[in-house]
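This report concerns only the one structure given below.
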Amino acid sequence: MNTRQPYRFVMELQKRDGSALGQVPVAADWEPAWEAARFLALRRFPRAAVGASTVAEIRPAWHETLGQPYISAVEVVLQVPGAGELSCRVPNSFFKSLAGDASAPLVQKGALQAGELFNYLVTAFPSPPQANGVAQRRERFQIEEVPTPLPVRVSLLGDFYALAVAAGEQNEEDIPVFLPRRVLAEADQMTRDSGAVETASVLIGHMHRDQAGGELFLEVTAQIPARNTEATATKVSFGPETWNAVRSALALRSGNEQWVGWFHSHPASSWCNSKCTPEARVKCPLQRSFFSADDCDVHRTVFAKAFHIALLVTNTDAGLQHALFSWRGGVIVQRGFHILGNEGEQNPAVAPVAVATIGDAENEKICP
């Protein structure tokens, strides 16, 4: 894909009272935004090939009230051969983690207090033209991106809806996701069995395209426990042996499945100090579902495809809480899903869906 960035982006940091903290250039990893646009093209134009001949450009969407140079979002615009122009909107929350990184030096200098809230605004300016007379570097070789077709089954979305119940808030920007109750039950049992440490698995399944309406939707068929992960009370990481085991399992199943996401647990009941009163434990932020900064790093690094999902089961004093996350416009968000019943069971019980926070450091503190 031929990517262009005709604008440079600068972030303005401000204290909550509006006083300026300074400006920092935005050095963003745009890959989640490119991936979101590629997947949107696949959803809209089933027969279009997004490859080396596709032109992609990042453009600012100017702020509705502040106006230029402030932006409210960025637009990833694709010129899809044979299909026309397509635009994918990426919200300003895309820059949240970068703002957090930019604040660290300010805390060290004393301009911000640790944990102090601040605001950020993103601005955009045309990139300066190439200076005349500057010699162009001659590339020794060229790299051409060859698109890998995504295996897609043709099915009827209505058949899946007929055997499933909705769980959590559904958003029309998300593709429908169907999780078998059996997979949820296995994740629940793994969470209980792991005790005070986190546990994880790789979710596998199929991508489908609705024969009637053409929409893409995701079916999880199974989960492969990540037996070779390195797990602690607060973190789980995947190693090379994990992926060898996943590839072997996929080959043995011979179902043309692909890995579509991951599951991991949070042993919240074990995080809280045993000396805390029951009233304090109920209010403790560790007893709530949250997708931590480390979880976000795993998802960005390992599960970066726009259709990849992340299932979280939190073991709290009040019981197990479930939450599902995915990409939306290049940003990790919580999302709804559908629970498929066991064979012959059309009305499975709906697992409770927690309202989770994402990348919030306040929920990652160790209980005193």
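Of the residues Cys296, Cys272, only one is over 20 Å from the mean Cα position of the chain (by Cα) and either surrounded by 13 or more Cβ atoms within 10 Å (Cβ to Cβ) or assigned by TED's automatic domain parsing to the domain that holds Glu172 (or both); which? Of Cys296, Cys272, the one residue that is over 20 Å from the mean Cα position of the chain (by Cα) and either surrounded by 13 or more Cβ atoms within 10 Å (Cβ to Cβ) or assigned by TED's automatic domain parsing to the domain that holds Glu172 (or both) is Cys272. Screening the range 240-340 for helices (runs of 4 or more DSSP H) wholly inside it with 3 or more residues that are among the aliphatic types (A, V, I, L, M) returns the ranges 240-253, 293-302. Scanning the range 6-18 turns up no residue that is outside any loop (DSSP other than H, G, I, E, B), among the polar types (S, T, N, Q) and either in contact with a Ser or Thr (Cβ under 9 Å, 6 or more places away or on another chain) or more than 25 Å from Thr123 (Cβ to Cβ) (or both). Residues in the range 112-147 that are farther than 30 Å from Ser97 by Cα and either modelled with pLDDT of 55 or more or in the same structural domain as Arg8 (by TED's automatic domain parsing) (or both): Gln130 only. Take the residues in the range 19-31 that are touching a helix residue (DSSP H, G or I) at 6+ places or on another chain (Cβ under 7 Å) and not in a strand (DSSP E or B); name whichever of them is surrounded by the most Cβ atoms within 10 Å (Cβ to Cβ). The extreme case among them is Ala28. Scanning the range 1-36 for residues that are more than 24 Å from Pro69 (Cα to Cα) and of a type in the set (Gly, Ala, Ser) turns up just one, Ala36. Regarding Ile366, is this residue assigned to a loop (DSSP other than H, G, I, E, B) and either more than 23 Å from the chain's Cα centre (by Cα) or modelled with pLDDT of 85 or more (or both)? Criteria met by Ile366. Looking for whichever is of a type outside the set (A, V, I, L, M, F, W, C), loosely packed, with under 13 Cβ neighbours inside 10 Å, free of Cβ contacts under 8 Å to residues at least 24 places away in the same chain and in a loop (DSSP other than H, G, I, E, B) here; the options are Gly67, Gly82. Which one fits? Answer to the check: Gly67. If we scan the range 155-163, do we find a residue that is closer than 22 Å to Val298 by Cα and at pLDDT 95 or above? Checking the range 155-163: not a single residue is closer than 22 Å to Val298 by Cα and at pLDDT 95 or above. As a summary of the residue check, Leu117 satisfies the conditions (1) out of contact with any Lys or Arg (no Cβ under 7 Å at 6 or more places or on another chain); (2) over 29 Å from Arg44 (Cα atoms) except for the one numbered (1). Using the structure shown, decide if Ile175 is part of a loop (DSSP other than H, G, I, E, B), at pLDDT 95 or above and of a type in the set (A, V, I, L, M, F, W, C). In short, yes. Only one of the numbered conditions (1) touching a Ser or Thr at 6+ places or on another chain (Cβ under 8 Å); (2) more than 30 Å from Pro176 (Cα to Cα); (3) without any contact (Cβ under 8 Å) to a residue 40 or more places away in the chain is not met by Ser269, and that is (3).
Residues in the range 85-110 that are more than 21 Å from Pro32 (Cα to Cα), buried (at least 17 other Cβ atoms within 10 Å of the Cβ) and of a type in the set (A, V, I, L, M): Leu106 alone. Residue-level check: of (1) within 20 Å of the chain's Cα centre (by Cα); (2) part of a loop (DSSP other than H, G, I, E, B), Leu42 misses just (2). Out of curiosity, is Ala61 at pLDDT below 95, surrounded by 14 or more Cβ atoms within 10 Å (Cβ to Cβ) and assigned by TED's automatic domain parsing to the domain that holds Leu112? Taking the combined requirement at face value, the residue does not satisfy it. Residues being aliphatic (A, V, I, L, M), assigned by TED's automatic domain parsing to the domain that holds Gly239 and without any contact (Cβ under 8 Å) to a residue 24 or more places away in the chain are represented in the range 172-195 by at least one member.
The values are calculated or read from the model by the stated rules, or taken from the named source; none is laboratory data. Fair warning: this is a prediction, and the values are worked out from it, not measured in the lab. No Cβ is skipped: glycine too gets one built from the backbone with ideal geometry, and neighbour counts run over all protein chains shown.
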